[in-house]
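Before any comments, here is the structure.
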Amino acid sequence: MRTLIDKYLHKLQVQGLADREHAVFLALDAELVSNRPIESDVLTLSRVFDTMSINSLLFAEPAEPYRSIIREILRCGASCSTQGRIVPMDCETRTFFHDIPVVDAFEPEAIAAALSHRKAAIIRDRGIVTYGVVTPEQAFVSFSSTCFSTFVKYFYDVLMHLEQCHARVMPPDQEMLAGFDTVARLAEGLAVDDRGTELMSAPPEGDEGVIGMIAEAGRAVVDHRLVDSYFGNISYVHNNTIYISQTGSSLDELERCVDAVPLDGSSSVGITASSELSAHKNIHALTGASAILHGHPKFPVILSMHCLKEGCDRTLCHKSCKEQRSVAGIPVVSGEIGTGPTGLLHTVPAALGRSDGAIVYGHGVFTAGRGNFRHPFARLLEIERTCREEYFRRIGELRGR
């Protein structure tokens, strides 16, 4: 258990989510173990185990810019002050959280009450607290997704605030803008950098070669922070078989988490494959692409939700938008996870038929290529960079700069 705790503390650090030296990771083995002495705040957190049937608990003050983002959301967000919760609108929140409760007191009863109905909570002026029922990985995943969801919410909310002020010819909240300028500077460190990344170019040989190519691409996607927690998926088509990451697998640990699924449907091995298996198969069938990446870069997700059309039911945008939309020439489509009638398996393949990249509303980006992952990875980086530039261009325009 201590090895697992150390593993996820390391991931917190290298993925820029929190300083491992100040994080608290508690996990239940034969007895309760922790990375820090069980006293003071750690003792308070340990008492959450008395009222919840959980395996692990993670608490940490998030790193910048997430720390300042959460502070700004709590200061400016109407839902935080009136309902005690943060309500992001991205796919990870819909899938994972619904909302993120805000706890005002660092007390085991208050923390347990919030976590009893949600996977993560924010303790005001302290940090993020999450838990796992089966493994410490679950606590890490929820922590990572909380950082992602609050990032997307904050940048989207500021953009929409400026849009509303512009439409109503009223001055924007100057305190909000001052906070935004600070957060934007802190977020500069998250800008993608593709220097030094050379993915395999030669065709893979055999199963091991394919899996090695997929694992390499997965690590690159995580290293460049183009995905968080264990979302995202990767596939490669070779010899009439689609090799695809398993559902719930971490993209930086795919060596033993890839399913080989015959394209002719002759095997049910795909039962553990990514929930996007059908989307990947349809993309290959329609476009001929053999290498497909799906990540969650932040700024494409933010801009995919930036729409000023009036008269729509906003609760349906993510699954059944009929508008032909794009961001900087990159198609934006709706679509839900899975194989239902509004699933992205129906929308993404058509978009990739006319472009080598597609953004799914509030969700993430698909890119595709042939032979290897060099082009899909480069395109994923480029789309994040392009959308980041486009976001700040729109912000500057609305501020008259």
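Tell me, what is the 1.4 Å probe accessible area of L43, in Å² to the nearest 10?
We get 60 Å² for L43.
Rg (Å, one decimal) plus Dmax (Å, integer) for the alpha carbons of the range 351-401?
According to the Cα coordinates of the range 351-401, Rg and Dmax are 13.6, 46 Å.
Across the range 234-360, how large is the tail of the calculated P(r) beyond 20 Å, expressed as a percent of all Cα pairs?
When every Cα pair of the range 234-360 is considered, 47 percent fall beyond 20 Å.
Rounded to a whole number, what % of the accessible area of the chain do carbon and sulfur atoms account for, probe 1.4 Å?
48
With a 1.4 Å probe and every protein chain left in place, work out the accessible area per residue of the range 99-244 in Å², rounded to a whole number.
Counting only protein heavy atoms, the per-residue value for the range 99-244 is 42 Å².
Would you please give the residues with an amide H less than 5 Å from that of R36, counting only those at least 5 places away or on a separate chain, with H modeled from the backbone geometry?
F25
Counting only the heavy atoms of the protein chains, how much of S278 is accessible to a 1.4 Å probe, in Å² to the nearest 10?
Surface accessible to solvent at S278 totals approximately 40 Å².
Using a basic spin-label model with each label point 7 Å from the Cα along Cα→Cβ, how many nm lie between S326 and E255?
Label at S326, label at E255, 4.2 nm between them.
Quick check on the range 289-401: take the gyration tensor over C-alpha atoms, sort the square-rooted eigenvalues as a ≥ b ≥ c, and tell me if it's rounded (a/c under 1.5), prolate or oblate.
oblate
Return a single number: how many Lys pairs in the chain, at a sequence separation of 8 or more or on separate chains, have alpha-carbon atoms below 30 angstrom apart.
Qualifying lysine pairs in the chain: 21.
Hey, could you grab the Kirkwood Rh for the range 251-297? Inverse mean 1/r over distinct alpha carbon pairs, Å, one decimal.
12.0
Please build a GNM for the chain, connecting alpha carbons under 10 Å apart, and tell me which residue among S53, S149, S266 fluctuates the most.
S266
Please state, as a whole number in µm²/s, the translational diffusion coefficient that the Stokes-Einstein equation yields for the range 281-331 at 20 °C and 1.002 mPa s, with Rh defined as the Kirkwood radius across alpha carbon pairs. Before the final figure, lay out each step's value.
Numbers: Rh = 13.4 Å.
In µm²/s, the coefficient rounds to 160.
Quick check on the chain: what are the equivalent-ellipsoid semi-axes from the Cα gyration tensor, as sqrt(5λ), descending, whole Å?
Each semi-axis is √(5λ); the values are 33, 29, 18 Å.
State, to one decimal in nm, how far the label point of A30 lies from the label point of H166, with both points 7 Å from Cα in the Cβ direction.
Label at A30, label at H166, 6.3 nm between them.
Take every Cα-Cα distance within the range 74-229, group them into 10 Å bins from 0 onward, and report for each bin the whole-number percent of pairs it holds.
P(r) for the range 74-229, in whole percents per bin: 9, 28, 30, 20, 10, 3, 0.
Enter the Cα centre distance for the pair the range 18-34 and the range 347-401, rounded to the nearest angstrom.
38
The values are calculated or read from the model by the stated rules, or taken from the named source; none is laboratory data. Remember, predicted model here, so these are calculated numbers, not experimental data. With ideal geometry, Cβ positions are generated from the backbone for all residues, glycine too; neighbour counts draw on all protein chains shown. Remember, those area values only see protein heavy atoms, side chains included, never the ligands or the DNA or RNA. Shrake-Rupley method; radii C 1.70, N 1.55, O 1.52, S 1.80 Å.
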